[in-house]
Protein chains: 4
Amino acid sequence: MLKVGLLGAGRIGQVHAVNIANNARSTLVAVSDVHEEAARKLATQYGAEARSSDEILADPGIDAVLIATSTDTHSTLIEAATAAGKAVLCEKPVDLSLARAQQCLAAVATTGQPVMIGFNRRFDPNFAALKAASLAGEIGKSELLSVTSFDPAPPPVSYIKVSGGLFRDMMIHDFDMANFIMGERPVAVRAVGSAIVDPGIGAAGDVDTAVVTLTYADGRIAVIKNSRRAVYGYDQRVELLGSDGLLQAGNMLENTVVRSTTAGVSAAKPTYFFLERYMTAYAAEWEAFVAALLDGADLPVTLEDGIAALAMAEAATESAKTGQAVPLQG
Amino acid sequence: MLKVGLLGAGRIGQVHAVNIANNARSTLVAVSDVHEEAARKLATQYGAEARSSDEILADPGIDAVLIATSTDTHSTLIEAATAAGKAVLCEKPVDLSLARAQQCLAAVATTGQPVMIGFNRRFDPNFAALKAASLAGEIGKSELLSVTSFDPAPPPVSYIKVSGGLFRDMMIHDFDMANFIMGERPVAVRAVGSAIVDPGIGAAGDVDTAVVTLTYADGRIAVIKNSRRAVYGYDQRVELLGSDGLLQAGNMLENTVVRSTTAGVSAAKPTYFFLERYMTAYAAEWEAFVAALLDGADLPVTLEDGIAALAMAEAATESAKTGQAVPLQG
Amino acid sequence: MLKVGLLGAGRIGQVHAVNIANNARSTLVAVSDVHEEAARKLATQYGAEARSSDEILADPGIDAVLIATSTDTHSTLIEAATAAGKAVLCEKPVDLSLARAQQCLAAVATTGQPVMIGFNRRFDPNFAALKAASLAGEIGKSELLSVTSFDPAPPPVSYIKVSGGLFRDMMIHDFDMANFIMGERPVAVRAVGSAIVDPGIGAAGDVDTAVVTLTYADGRIAVIKNSRRAVYGYDQRVELLGSDGLLQAGNMLENTVVRSTTAGVSAAKPTYFFLERYMTAYAAEWEAFVAALLDGADLPVTLEDGIAALAMAEAATESAKTGQAVPLQG
Amino acid sequence: MLKVGLLGAGRIGQVHAVNIANNARSTLVAVSDVHEEAARKLATQYGAEARSSDEILADPGIDAVLIATSTDTHSTLIEAATAAGKAVLCEKPVDLSLARAQQCLAAVATTGQPVMIGFNRRFDPNFAALKAASLAGEIGKSELLSVTSFDPAPPPVSYIKVSGGLFRDMMIHDFDMANFIMGERPVAVRAVGSAIVDPGIGAAGDVDTAVVTLTYADGRIAVIKNSRRAVYGYDQRVELLGSDGLLQAGNMLENTVVRSTTAGVSAAKPTYFFLERYMTAYAAEWEAFVAALLDGADLPVTLEDGIAALAMAEAATESAKTGQAVPLQG
């Protein structure tokens, strides 16, 4: 039974609390949050205690921590938790600065503690099934990957300003998806982007619509499309062309009802946002973390994976500014 | 090259004229119609002559006639045409009276001429593919058939009064579809029906919504659903459950465009009515008739098939009135 | 906070235990089962106690019981629990005997306790959305209902023998679905059935494939199709034609991945059986029961609803034997 | 009645012959081909005459010519035909050389004759419906376009060598599609490509898999994906994200049959190649040409459109080689 401390009791922390509590091999022992009341409320609901993060890290009875705090604390908390001998599952991104993230990686290496980065989409049953079908050779050799990833609505400009920009904040998930599906890192990144959804985003120096092309040493190509606004809901699709066919993973709909009227044939919208779409994925992610720790399986997403995606985000940010292709270290 | 006379230059006659003209092995030689002007116009378009039906039947240069006249003339024209040594493709139904149709069958038998009944839906690529998949054993032994067949809008009550009723006029197509897919005739018919689309149809002694259950000697079951009104368009679907799976043939849509908005995800409607849906089927039907005559293949739909469907329609009409199951002669 | 005793720790009891525990307004206090070990194991997992059903009913600290025991105990336990002042949620059916169920209804009436019957499919998000769309007038006046309900595989013949037969054991869910969607009870039932999936089922006096037609006082019609075997998975669909359109609620698929190869375009199968398909429905069912008790809302499914479905099952059983329509008391 | 001469009796010439003959307002008068026998055969089928192209251009009784000859003859024949006072519908591309095509444009301008380029996909009912929905404002302001365009199988390397390369030979259709949907020309082209389908294509200096990003003055972005091989059939899809929603135009399938078995749920493949997919489009294209000439409507695709697509192909070819973005003259 894995004893777990949860750092962060916000929206995403609450999702993790459910999964920690429902998993037959893990228990939620303690919760911390900068808002003590939020920690207390969440802890009570699951029979855990509200404590400070320092107390949690200092408690030898706690085996693992789940870091669901704000991005700027991630690398520091990863370092502190691993130094304290905890296994770590940390929400993405590792850090907004690639250099800082690499420093964190070095620090973790000295502890030997396992650190998994929460790229939840790898655990979505649809994307996982696509990856499994590809690995099983169902479409032969993969050649061309497309990732469509649109948010339902743009965040406030105030958030944009501290987000690190679309490539680090939003497309980082899709960079990891490309790494997950292609099983290899690209050699070059080309990005274009513009602010056509919200001019305020442009004024803040960011883009809200972007296309990135990744090229691979063996000639394969990947394309990622991002938009901050798809009014019909969270649009998350992956498509992989191979020598023997095509694999597509589509959206999940709110329900299966189809209406046929004089106006046409209409179905439900995609589930609204990541909490609806990826609820199953978060549970599977936690199960994979527990299994890695208790069964000695490999971590399915490593700190290195988190840094690789960050490096791609940095390259894309640069490419979108300069208009040049940016090479990557494999 | 098959030389063809077309009897009837109305809406359905015009469809057949196109197919006769476009088929590489048939030529449209002559067209007749009670409205001479209609015959003339259609004939001119395809380089044929407008003549009376008597003249057409008397012309030894004409090999085959396509009968697309009003229902009450079908059996008489079939008899006259076969007596004159013509091969015949006649629109359904053979007659509204089962007794009269059987008389026609006897008359035709003495001539030895081939007569095909125009159950066009057998030639729809979707239903034909379903039948082929079933014959190929893709779902093992068939067990339960469902036929959904809804018209877009009810005809005027004046038409209903001379139509022979829903079972003879509309469901006859679905009876033939059941015979086509099941490859066997049912042993009993149970029907329920009501007039809830248009009370005028009820006042005229007919129904506009009906469900018929067919049972087979080997225990298989079929269900046919009819409605005179599906405001979203012609709804023509077939579904066959077997020991190893399910086959479904669906509607064709006007186009493949899908719109995702805040209102939901919407697609185009089914093609509006039989002319849109079955245009391909009419061409394939004609090609099958030509192939049967010129290549010595079997007729894919016989006069006996037309009579079998009519017998089922008569039994359903009776069952809907009495509330009793009506047995059929295999 | 609703304090709950669970009677029955089998497969379906375990599903209910999860939902009782996860619901913010209910707690699982005690579990009973004829196999004491099963009760103990389930109780432990959720911090409850294993007790006998008598102890549970006698405990004044328990507000409600969920009856998930074998069918033959349902009516007796409902009577005992309501007599003991408990609110009851009981799995369907109330009883295999209509007379016994009516006796139970009379007994419950004297206690004034609320009793809900677990017709879980009413809480499936797809069927619930279809019902809501119909109530909202999206397709005008409803006219023709179709319910397709196929199990993935037939149960052993030993189960068939004690099941009460397909109409009472399996189609009872679909009778309730018809009552739910149509908002009214039919006036007559016509059934046909045969044993073509498994001859052993026929030898046991039951059918495995059946079609039932329901007719309504206002002329509406409903059709229910059942098969004990759909090798591709649990097939649960509802389709409602109305004056302004068609509503269809379809299956949920295991995932959204689509494969396009030289063999065709293929998608995942429907979720395998009721535990996979209706997991969400069971949670919503429990939430509705809790809301009815704590918020004073109406029970969404009553004991009378359970008895109405049973009466339809009895009528269908008779109709399938006699070949006659069986009238129902509205 | 438009009197038409057809130059070229090959595969695509035969498609056009059917449409010229079936259109109520056009007649096929003459056919030419470098293989006289091919011209004779096609002419006979439609009651036309086989002549040389010189004879056709010299015949004052011929109003219009359809140029369906090999690409290297297009610009010369356009010049000759317009000089001879004919209206012209010419298959794409105008020429493989942008300079030569511009010269042709200048020559045509002096004659004042109408010249339409056969970008048939604009007339596909699916893409046309998507464009109409966009123009009707159904998704608000367009932002991000994706065009997926995969051929079923690569052509022989011998063809590749004279084709002008993937961007001029294959993607030119998609450049025109982008121009058609976006209603504006892009300001820059970025291309990546590789030869991973067939190394022989790489050895011939061409690519078989490519992604092109187009950027527009107003910040919009378009992505085009091409592959020479999609083993499941011709894959032709367009997707347009706008401020109020998403429009998608998908493939047409061979039929609507769906098979559900233990192996999954499978549907038919997309129609195999352009002749199957775009047969309707070719007829609509010809009708649009006839309507422009006889009704005085605007030509829906102009010679300038042909040159614009060619300029984009040239820019993409350069970008794929240099790795740099290539600016375009609006």
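See the values below:
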quantity: Cα gyration tensor of the range D:186-283 - equivalent ellipsoid semi-axes, whole Å, descending; calculated: 28, 23, 14
quantity: Rounded percent of accessible protein surface that carbon and sulfur make up, the range B:122-327, 1.4 Å probe; calculated: 56 percent
quantity: Among B:V108, B:V257, B:V189, residue whose mean-square fluctuation peaks in a GNM of chain B (springs only between Cα atoms under 10 Å); calculated: B:V257
quantity: Axis-nearest residue in chain A [Cβ, rotation onto B], distance in whole Å; calculated: A:S266, 2
quantity: Debye log10 I(q)/I(0) at q = 0.06 Å⁻¹ for the protein assembly as shown, Cα point scatterers; calculated: -0.64
quantity: Most mobile listed residue (D:T71, D:T261, D:T302) in chain D, GNM with C-alpha springs under 10 Å; calculated: D:T261
quantity: Links that overshoot a 21 Å alpha carbon limit, given the list B:K225/C:K161; B:K161/B:K321; C:K141/C:K225; C:K269/D:K225; C:K225/C:K321; calculated: B:K225/C:K161; C:K141/C:K225; C:K269/D:K225
quantity: Helix-only mean residue ellipticity at 222 nm for chain A, each DSSP H run of n ≥ 4 adding -39500 (n - 2.57), per residue, nearest 500; calculated: -11500 deg cm²/dmol
quantity: Inter-chain shielding of B:313-326 (mean C-beta neighbours from other protein chains, 10 Å cut-off); calculated: 1
quantity: Residues with amide H under 5 Å from that of D:V257, placed H, sequence gap 5 or more; calculated: B:G250, D:A268
quantity: For the range A:252-330, alpha-carbon Rg relative to the globular expectation (2.2 N^0.38 Å, N residues); calculated: 1.77
quantity: Choice from A:V197, A:V212, A:V301 with maximal GNM fluctuation in chain A (Cα, 10 Å cutoff); calculated: A:V197
quantity: Copies compared at D:E36 - label distances in nm, ascending, label defined 7 Å from Cα in the Cβ direction; calculated: 4.8, 10.3, 10.6
quantity: Rounded percent of accessible protein surface that carbon and sulfur make up, the range D:2-113, 1.4 Å probe; calculated: 52 percent
quantity: Cα-based helix-to-principal-axis angle, D:74-83 vs chain D, degrees rounded to 10; calculated: 40 degrees
quantity: Rounded to 10°, Cα long-axis angle of helix D:279-295 versus longest principal axis of chain D; calculated: 50 degrees
quantity: Tilt relative to chain D, helix D:303-322 - C-alpha long axis, 0 to 90 degrees, to 10; calculated: 40 degrees
quantity: Accessible surface, the range B:150-230, averaged per residue in Å² (probe 1.4 Å); calculated: 27 Å²
quantity: Across the identical copies, how the C:A58 labels are spaced - nm, sorted shortest first, 7 Å along Cα→Cβ; calculated: 5.1, 10.6, 11.7
quantity: Under 5 Å, built H, 5+ apart or other chain: amide partners of C:A188; calculated: C:T215, C:L328
quantity: Total accessible surface hidden between B and C, rounded to 100 Å², 1.4 Å probe; calculated: 2900 Å²
quantity: Å² of accessible area per residue within the range B:2-113, as computed with a 1.4 Å probe and no ligands counted; calculated: 43 Å²
quantity: Packing-based ranking, highest mean first, of C:263-271, B:287-295, B:73-81 given that Cβ atoms within 10 Å are counted; calculated: B:73-81, C:263-271, B:287-295
quantity: For chain C: relative contact order, % (alpha-carbon pairs under 8 angstrom, 6 or more apart); calculated: 19 percent
quantity: Tail beyond 25 Å, pair distance distribution of the range C:2-113 (Cα, percent); calculated: 16 percent
quantity: Label spacing, shortest first and in nm, from B:G47 to its equivalents in the remaining copies (7 angstrom along Cα→Cβ); calculated: 0.4, 8.9, 8.9
quantity: At least 50 Å² accessible surface lost relative to isolated chain, residues of the range D:128-143 (1.4 Å probe); calculated: D:E143
quantity: Kirkwood hydrodynamic radius over Cα pairs of the range B:122-327, then Stokes diffusion coefficient at 4 °C and 1.567 mPa s, in µm²/s; calculated: 71 µm²/s
quantity: Within 10 Å of each Cβ in C:207-219, the average number of Cβ atoms from other chains; calculated: 4
quantity: Debye, to nearest 20: dipole size of chain B, +1 on Lys, Arg Cβ, -1 on Asp, Glu Cβ; calculated: 600 debye
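The values are calculated or read from the model by the stated rules, or taken from the named source; none is laboratory data. Everything numeric in this text was worked out from a predicted model, so none of it was measured. Please note: Cβ atoms are built from the backbone with ideal geometry, for glycine as well, and neighbour counts cover all protein chains shown. The protein model used for the area step is the full one, side chains on, heavy atoms only, and it has no ligands, DNA or RNA in it. Shrake-Rupley method; radii C 1.70, N 1.55, O 1.52, S 1.80 Å.
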